[in-house]
1. Return the aspartates and glutamates within reach of Lys98: Cα separation strictly under 13 angstrom, same-chain partners fewer than 8 residues apart disregarded; answer none if there are no such residues.
2. Any idea what the relative contact order of the range 121-198 is, in percent, if you count C-alpha pairs under 8 Å spaced at least 6 apart?
3. When the Cα centres of the range 30-75 and the range 333-350 are compared, how far apart do they sit, in Å?
4. Taking a 24 Å limit on the Cα-Cα distance, which of the listed pairs Lys32/Lys388; Lys30/Lys65; Lys224/Lys371; Lys30/Lys222 fall beyond it?
5. How would His123, His282 rank on accessible area, largest to smallest, probe 1.4 Å?
6. Going 7 Å from the Cα of Lys230 in the Cα-to-Cβ direction, what parts of the range 26-56 have a backbone nitrogen less than 16 Å from that spot?
7. Pop the C-beta distance of Val28 and Asp106 into the FRET formula with R0 = 25 Å and round what comes out to the nearest 0.05.
8. What order do you get for 395-402, 355-362 when each peptide is scored by the mean count of other beta carbon atoms within 10 Å, highest first?
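The values are calculated or read from the model by the stated rules, or taken from the named source; none is laboratory data. Note that the coordinates shown come from a computational prediction; the quantities given were computed from them, not determined experimentally. Cβ: placed from backbone, ideal geometry, glycine included. Neighbour counts: every protein chain shown. Surface areas here come from the heavy atoms of the whole protein model, side chains and all, with no ligands, DNA or RNA. Shrake-Rupley method; radii C 1.70, N 1.55, O 1.52, S 1.80 Å.
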Amino acid sequence: MQKYSAFELFKNSVSHHENWPRMWENPVPKKKYDIIIIGGGGHGLATAYYLAKEHGITNIAVLEKGHLGSGNICRNTTIVRSNYLWDESAHLYEHAMKLWEGLSQDLNYNVMFSQRGVYHLCHTLQDIRDNERLTYANRLNGVDNEMVDAEQLQREIPLLDCSDKTRFPILGASVQRRAGNARHDAVAWGYARGAAMRGVDLIQNCEVTDMVIENNTIVGVKTKQHGVIKADRVGCVTAGHSGVMAKMAGFELPVESHPLQALVSEPIKPVLDTVVMSNHVHGYMSQSNKGDLVIGAGIDSYLGYGQRGSYSIIEHTVQAIVEMFPEVSRVRMNRQWGGIVDTTPDACPIISATPVKGLFFNCGWGTGGFKATPGSGHVFAATLAQGKAHELAEPFSIERFHNGALIDEHGAAAVAH
C-alpha cells in the first residue's frame with residue numbers, strides 16, 4: 001500500500017477545490033512584490049494571512065527553503081497560554097490568546113484549539129510566592145490566573161503525585177484555565193490556505209542565500225532556485241536561523257540558537273486532560289488526542305543548529321516526569337526530536353525594523369513561539385504594512401538592547417515555555 005505523509009494527505013484533500021491556488025507547484029515568482037516574507041512557518045504564514053486579510057496587501061511572496069510548516073511549527077509541544085509576568089509580554093500573549101479563541105472560525109479550518117488549562121506547579125515556598133505574584137500581575141492586566149492548593153490539585157489531576165513522600169513535594173499550583181493546546185500542523189496549513197486563497201504566493205523549496213541591498217535599503221533577496229526576487233519591503237521570520245539571515249544583511253542580532261527538545265510516548269488510553277508544567281524539576285506534560293503523552297524539555301546549553309540535541313536533556317526530563325507522575329514510569333518513549341530556537345538576553349522576542357531600511361525582523365521567541373503565533377503574525381503584519389511598529393510590538397524593538405529597556409521575562413512567568 002502506498003504511504004503518504006500528513007502533508008501530502010492535506011494537499012490531496014484540498015487540491016480538488018476550484019478556488020484552491022496551485023501553490024504546491026512552486027509558482028514562478030513575479031518580477032517584483034510589495035512584500036517578501038522569508039520563512040514559511042507559523043509566524044510567517046500568519047503574517048502573510050493578516051497582511052492580506054487586515055491590510056489588503058496581496059502582492060506578497062512567502063519564501064520557504066523546505067516545505068511549508070516544516071520548521072519549529074511542527075517541532076513543539078503545542079502549549080498555548082498568556083500568563084506572562086511583565087505588562088509588555090502579557091499584553092502581547094493575551095492578544096494572541098484572544099485570536100486563538102476565534103481562530104478556527106476565522107480560518108474556517110479546525111486548528112483543534114483545546115482550552116484544557118495549564119498548571120504551573122509549586123514545590124517550594126518561593127515557588128508559591130512567585131506564582132502568587134504572577135497571578136496578581138495577570139489579574140491587573142485582565143489575564144485569568146488563579147492559585148490552587150495541593151489538596152484541590154490532587155482532586156483535579158488524579159494522576160499527579162501530590163503526596164509528601166516525593167523528592168520535590170508539590171505544595172500547590174497556579175492555573176490559567178483559558179490556556180491549553182492546539183494542533184501545530186493545522187495552524188500552519190490553516191494560515192497557508194487562508195493566505196493562498198487571498199492571492200499570496202507561497203513559494204516552497206526556495207532558499208534565500210543573500211540579501212540585495214542598495215544604499216542601505218533592501219530591494220530584494222537572492223534565492224538558490226529563482227535568482228533575485230525584488231520587493232519594496234522584506235520581513236524575516238526564520239526561527240532558529242535569524243542570526244544567519246542578519247549576517248547576510250550586514251549586521252548582528254543579540255540572539256543565540258539552541259536546540260530545544262521534546263518527546264512523545266506510545267499511545268495510551270486517556271489519563272491526563274490538562275497541561276502540567278514544573279519549572280523546579282523542569283518537565284511538562286500533556287496528552288494528545290491520539291493518546292501520546294507529549295513531554296517537553298529545556299534547551300541545550302550549547303549553541304547549534306542540529307534538530308536533535310543531547311540525550312542527557314531528555315534523560316533529565318524523563319526523571320522529572322516520572323517523579324511527578326509515577327504511574328507512567330513504564331510507558332515507552334516513541335520518538336524524540338529537537339527544534340532550533342533563537343534566544344535573546346531577556347528571553348523576549350524582537351519585532352522590529354533593522355539598520356537596513358525596509359528590512360524587518362521577527363525573531364528571538366525562544367521557547368514561547370508557538371503560543372504567540374496569531375498575535376505575532378497580526379502585529380508583524382501591521383508593522384510591515386505601515387512601515388512602523390504596531391503598538392504591541394514597540395517594546396520589542398531591537399533598540400532595547402542599546403538603551404537598556406529590557407523586559408527580562410526569563411523565568412519570570414513560572415516557566416519560560
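1. Cα-Cα hits under 13 Å: Asp106, Asp144.
2. Answer for the range 121-198 is 35 percent.
3. Using only Cα atoms, the two centres lie 21 Å from each other.
4. On the way: Lys32/Lys388 22 Å; Lys30/Lys65 18 Å; Lys224/Lys371 32 Å; Lys30/Lys222 14 Å.
Correct reply: Lys224/Lys371.
5. These residues rank, largest area first, as His282, His123.
6. It comes to 29-36, nothing else.
7. Given R0 = 25 Å and the Cβ-Cβ separation, E is 0.25.
8. Final packing ranking: 355-362, 395-402.
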